[in-house]
Amino acid sequence: MDGNKNIFKHALKDDKPLYGLWLGLPHSSCAEIAAAAGFDWLLIDCEHAPYSLMDVQHHLQAIAPYRVPAIVRPVEGRTAILKQLLDVGAQTFLVPMVDTAEQAKQLVCDVLYPPAGQRGLGTSMARAALWNGIPAYLHEANNEICLIVQAESARAMENLHDIVAVDGVDAVFIGPSDLSASMGHIGNPGHPDVVAAIEQGFKTIKAAGKAAGVLAVDQTLAAHYVGLGANFVGVGVDISLLAASVRQLANQYIGSADSIDQRAGY
């Protein structure tokens, strides 16, 4: 790591799309395996996976030697949660369920030091500052924070123009799964109405000069979104990859598996 430089934030300015992997397995060995795989970025998903604060720190430590940018998605965009994640070394955040510009403004305030924001000072205990080992950290940290807000509801899409106008929001990530549910197409993120909403969302994001991201585990759909200007795309989830792989191997030798309930004896 080059001092306090946020590799992901700077890479967003390039024309090359960045492809990443979702991490939901809390053991740091899983993070290290993913870090060595060659992805452009990794995302530690505290919203849906059972990560503790210490788990996040261990993941960041495991990933760091491989110079792969790590994004952290907190369980929610709460001031106290963001404060702790910042201090253990998270620089890039993907905050879920941001529906309004007011929410976005509060998040900007939470992740930046005064006078731009209200992040608390505690660098002597913070891994982010290498425990007061990074000269001028307090003066440089704000410039290296990358805030990505997640638009994943019909309400967020309606307010997207105002959200992307918030100074301090670096990017908007559209969440197809929750958006599909919000639009009445639960479980079908590839529904034409959902895809059309995402396409329109990209236009709004790009027009504001912000970076656009999306999760698209289908290769054809991922290519479609990149063609529309997506700057970063999540193309897989570690848990899903493991589950699919072990099921395939079991099926190869044993045949089609019974239901989980049957195998568990329920």
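Every read-out reported here was derived from the displayed coordinates using simple, explicitly stated rules and does not represent laboratory data. No experiment lies behind these values; they were computed from the predicted model shown. Here Cβ is always computed from backbone atoms with ideal geometry, including for glycine, and neighbour counts include all displayed protein chains.
Given charges of +1 on the Cβ of Lys and Arg and -1 on the Cβ of Asp and Glu, with all other atoms neutral, how large is the dipole of region 125-174 about its Cα centre, in debye to the nearest 20?
Computed charge dipole of region 125-174: roughly 220 debye.
So what's the convex hull volume per residue for the Cα atoms of the chain, in Å³?
145
GNM on the chain, C-alpha springs below 10 Å: top fluctuator among Gln57, Gln252, Gln91?
Gln252
Taking the Cβ-Cβ separation of Ala244 and His161 as r and a Förster radius of 45 Å, what is the calculated FRET efficiency to the nearest 0.05?
0.70
As a quick test, which of the pairs Lys105/Lys206; Lys16/Lys105; Lys13/Lys83 have an alpha carbon distance above 21 angstrom in this structure? Don't skip to the end; give the middle numbers.
On the way: Lys105/Lys206 19 Å; Lys16/Lys105 29 Å; Lys13/Lys83 26 Å.
Those over the limit are Lys16/Lys105; Lys13/Lys83.
Put +1 on the Cβ of each Lys and Arg and -1 on the Cβ of each Asp and Glu in the chain; which of Val237, Ala171, Asn142 then has its Cα farthest toward the positive end of the dipole?
Checking the options against the dipole of the chain, the answer is Asn142.
Once both labels are modelled 7 Å past Cα along the beta-carbon direction, what's the Lys203-Thr220 spacing in nm?
If labels sit at Lys203 and Thr220, their model points lie 2.4 nm apart.
What 222 nm value per residue comes from the helices of the chain, counting each DSSP H run with n ≥ 4 as -39,500 (n - 2.57) and dividing by all residues, nearest 500 deg cm²/dmol? Could the numbers behind the result be given before it?
Numbers: 13 runs with 116 residues, N = 266.
That comes out to -12500 deg cm²/dmol.
Fewest Cβ neighbours within 10 Å first, please rank Arg73, Arg119, Arg78 accordingly. Please report the intermediate quantities before stating the final value.
Details: Arg73 26, Arg119 21, Arg78 13.
Ascending number of Cβ neighbours within 10 Å: Arg78, Arg119, Arg73.
Just rank Met54, Met157, fewest to most, by other beta-carbon atoms within 10 angstrom. Spell out each step's value before the answer.
On the way: Met54 10, Met157 21.
If I rank by nearby Cβ atoms, fewest first, I get Met54, Met157.
At a 10 Å Cβ-Cβ cut-off, how would you order Asp99, Asp15, fewest neighbours first?
Ranked by crowding around the Cβ, least crowded first: Asp15, Asp99.
How much FRET efficiency would the formula 1/(1 + (r/R0)^6) give for Asn143 and Ile186, where r is the Cβ-Cβ distance and R0 is 41 Å, rounded to 0.05?
0.55
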